[in-house]
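Have a look at the structure below, then the notes.
The values are calculated or read from the model by the stated rules, or taken from the named source; none is laboratory data. Just so we're clear, the structure is a prediction, and the values are computed from it rather than from any experiment. Backbone-built Cβ (ideal geometry, glycine too); neighbour counts: all protein chains shown. When the accessible area is computed, the model is the full protein with side chains, heavy atoms only, and any ligands, DNA or RNA have been set aside. Shrake-Rupley method; radii C 1.70, N 1.55, O 1.52, S 1.80 Å.
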Amino acid sequence: MELRVLRYFLEVAREGNVTHAARRLHVSQPTLSRQIKELEEELGKKLFTRSNYSVKLTEEGLLLQKRAEDILEMADKTLEEFKSLDEIKGGDIHIGCAESNGIAHFIRVIKGLHEKYPRIRYHFYSGNADSVNERLDRGMLDFAIVIQEVDLSRYNYLKIPSLDRWGLIMPKNAPLARKAHVCLKDLLDIPLILSRQAMREEMPRWFGEFQDKLNIVATYDLIFNTSVMVREGFGYVLGFDGLINTGQDSDLCFRPLEPALESSMYIIWKKYQVFTPAASLLLEELKKNFTAL
């Protein structure tokens, strides 16, 4: 299975039309059709269902699409790494990150490094802890910034000097908005929208036995779209302060939980990670600014 043919396959899948894909790839339509047919014969599965004017991925084609995207991303990253081995002044660094204002501490470090090495490029991937850790484990990221307890058997880490405070995000005209803080009993009778990750980690220790009594109407990975849910009256969001606009010009407000619930932030990387020169430079700077406790 050649990387070139996988690129051909993905282009056909994206276009949904062999002729259009051939034009974008600058190959003839018969050549592209033959390559796809040979790939199907190699795998022993049909990858597309065909009509007069379009093609559509089969279930087997959908599986290959996901695998091909991962394979090509890894191949491209590996090529980038080898190209940068002799170029200490440049290169690419891939970073996965959770949503938090605490990332500002990290950005200040890479800003300083960028002033010294302007040819280094930084590629950020946002997601929840599960998706970020998966990319890190598969070698598609150099570092990850996470808000969770670190698995010391798998990762090295540095702690960012920042704590994210949990609270309730709601309309400013909501009855609970009159309170300075929100306590457990305030949350038992309202529709709640919770982070999936927090339901496994932070929330059980805060809610205790009352977690099963909550009226959870939705869960989320990234918080931005939940502001729309609140405005539409679908529910109240438990989330970090500062990620959704709750200032004077907003119709939403934030009230912290009482007793306080705060989450720590870490930079992690795989144990025995082999870094490119560019990533090694960043790690040196990170160690100057943050500590491993």
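Determine whether ILE160 is at pLDDT below 90 and crowded, with 16+ Cβ neighbours inside 10 Å.
No; evaluated as a whole, the condition is false for this residue.
Tell me, which strands (runs of 3 or more DSSP E) lie completely within the range 41-140 with 1 or more residues that are closer than 17 Å to GLU285 by Cβ and not acidic (Asp, Glu)?
Passing ranges, in order: 90-97, 119-126.
Restricting attention to the range 117-135, and to residues there that are in contact with a His (Cβ under 9 Å, 6 or more places away or on another chain) and of a type in the set (Ser, Thr, Tyr), which single residue is farthest from GLU201 (Cα to Cα)?
Filtering first and then ranking leaves TYR122.
I'd like to verify a number: residues in the range 242-293 that are under 23 Å from TRP166 (Cβ atoms) and part of a strand (DSSP E or B), how many?
Going through the range 242-293 one residue at a time, the tally reaches 13.
Considering only the range 93-106, state which residues are surrounded by 13 or more Cβ atoms within 10 Å (Cβ to Cβ) and either of a type in the set (S, T, N, Q) or over 11 Å from the mean Cα position of the chain (by Cα) (or both).
Within the range 93-106, ILE93, HIS94, SER100, ASN101, GLY102, ILE103, HIS105, PHE106 meet the criteria.
Return the residue satisfying two criteria in turn: it lies in the range 18-59 and is exposed (fewer than 15 other Cβ atoms within 10 Å of the Cβ) and touching a strand residue (DSSP E or B) at 6+ places or on another chain (Cβ under 7 Å), and of such residues it is nearest to ILE71 (Cα to Cα).
If we take residues in the range 18-59 being exposed (fewer than 15 other Cβ atoms within 10 Å of the Cβ) and touching a strand residue (DSSP E or B) at 6+ places or on another chain (Cβ under 7 Å), then LYS56 is nearest to ILE71 (Cα to Cα).
What is the one condition in (1) open to solvent by 100 Å² or more (accessible area, probe 1.4 Å); (2) closer than 29 Å to LEU141 by Cα; (3) acidic (Asp, Glu) that GLU15 does not satisfy?
(1)
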